[in-house]
Amino acid sequence: MARFFLPYSNDDAVAESEYVALRDRAEESTGLPSRNRRIHEIECRRQGRDCRLRVGERDATNGKTIAAILQLGRDAYTVHHVPRQPGQSLPLTLIRRTEVYSVTEFD
C-alpha cells in the first residue's frame, strides 16, 4: 500500500486542503456526499474495456494524470485529473459502482 498523496502537491498541509476542495467539488457536481475513503486505485470497466486507474499514473482512456479517486455515496466514484494550469479546476469523470471490480485504499 502507498502513503496518501496528491501528484501536484509537494506539501502535506496543502495536499490536505486540496483534497477537501476536491471532495467539495465532487459533492457539488454530483449532488452526492463524499465518503471518507482515500482511494489509491480502482480496477474497473470504462468505455468498454477493463482498466486500472491509480493516483499519480496516466488514465488509460485519456492519457491525463490521475490526481484523486473519490467515492460518492454508495454507488459512484469520481476520477479527478491533474489540472493543465495551476488554479484550473480539475476535470472529473464519474464511474458507477457496477463498473468497479476492486478498490485499493492508501495506508
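Readers should treat all values here as calculations from the given coordinates under stated rules, not as data from a laboratory. This one's a predicted model, so the numbers in the text were calculated from it and none came from an experiment. When we count neighbours, we look across all protein chains shown, and the Cβ atoms used for this are built from the backbone with ideal geometry, even at glycine.
Values computed for the structure shown
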quantity	calculated
The chain - mean residue ellipticity at 222 nm from DSSP helices (-39,500 (n - 2.57) per run, n ≥ 4, rounded to 500)	-6000 deg cm²/dmol
Among (1) 1.29; (2) 0.92; (3) 1.06, the entry that matches Rg/Rh (Cα atoms, Kirkwood Rh) as calculated here	(2)
Within the chain: Cβ-based charge dipole about Cα centre, in debye rounded to nearest 20 (Lys, Arg +1; Asp, Glu -1)	420
Angle between the chain longest axis and helix 12-30 axis [Cα atoms, degrees, rounded to 10]	50
